[in-house]
Amino acid sequence: MVAPSTGQDEADARLRAVHDSMLDGLGQLADYFGFSKVAGQIYGALLLSPKPLCLDDMVEVLDISKANASMTMRTLENLGMVREVWVRGTAGRRKYYEAEGNFWRIITNILKSREMRDVERALHVMETNARKLNSAMNELPEDQRELADLYLERIAQLQGLFQFAQFMIEAILEQVNDSPDDVPMIPQIDFK
């Protein structure tokens, strides 16, 4: 005989549904921004957990391999999105982690470590190619010179866009670095 459902069972089911939906959504968001889906899910699992979790916990919650959890955890640590913490009463080699809750800190870490590097690399590639085209311009036949001029024009447009992106990233980083305690909290929207 099956026991009748209680209000507690329904509340547990609702909490579980929200938890699973959040992990799925953060996984999709991470994938959208060029990270692995598992990175978003692990960050979400840690963010929503009231206590630090170990790799075994994440393997169980997310149904992923321990190797995948370990590699992803290193990536998240390098980005400053999670940190290793000591848990009283635990012994052995098991490591516990918690999520960084300061979203500005996460954003600035990602901007410094990944985005700025990618923007600088793109600008370098464009500058190198513009230099190559300009130095070869006199040696090109007329029809290729017209195409090279088009390339130079489009490269200049892209350079302007990437220089603007670089300026914006630097402005954000400068604002946070100048007064890390005065950076406004990300506003909360009441969805009720």
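The values are calculated or read from the model by the stated rules, or taken from the named source; none is laboratory data. Remember, it's a predicted structure, so these values are computed and weren't measured experimentally. Cβ: placed from backbone, ideal geometry, glycine included. Neighbour counts: every protein chain shown.
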Positions within the stretch 109-145 being within 16 Å of PHE35 (Cβ to Cβ) and either in contact with a His (Cβ under 8 Å, 6 or more places away or on another chain) or β-branched (Val, Ile, Thr) (or both), in sequence order
ILE110
The correct count of residues that are surrounded by 14 or more Cβ atoms within 10 Å (Cβ to Cβ), assigned to a helix (DSSP H, G or I) and more than 24 Å from the chain's Cα centre (by Cα) in the stretch 115-143 is 3
Qualifying residue in the stretch 100-123 (condition: of a type outside the set (A, V, I, L, M, F, W, C), closer than 28 Å to LEU53 by Cβ, in contact with a Cys (Cβ under 6 Å, 6 or more places away or on another chain) and modelled with pLDDT of 90 or more)
no
Top-ranked residue of the stretch 88-99 - restricted to ones that are on the phi < 0 side of the Ramachandran plot and loosely packed, with under 14 Cβ neighbours inside 10 Å, ranked as modelled with the lowest pLDDT
ALA91
Quick test for you: out of PHE103, PHE162, pick the one residue that is surrounded by fewer than 16 Cβ atoms within 10 Å (Cβ to Cβ) and among the aromatic types (Phe, Trp, Tyr).
PHE103
Given the conditions (1) in contact with a helix residue (DSSP H, G or I) (Cβ under 8 Å, 6 or more places away or on another chain); (2) at pLDDT 90 or above, every one holds for LYS51 apart from (1)
For the stretch 10-51: of the residues being surrounded by 11 or more Cβ atoms within 10 Å (Cβ to Cβ) and among the acidic types (Asp, Glu), which is farthest from ALA69 (Cα to Cα)?
ASP12
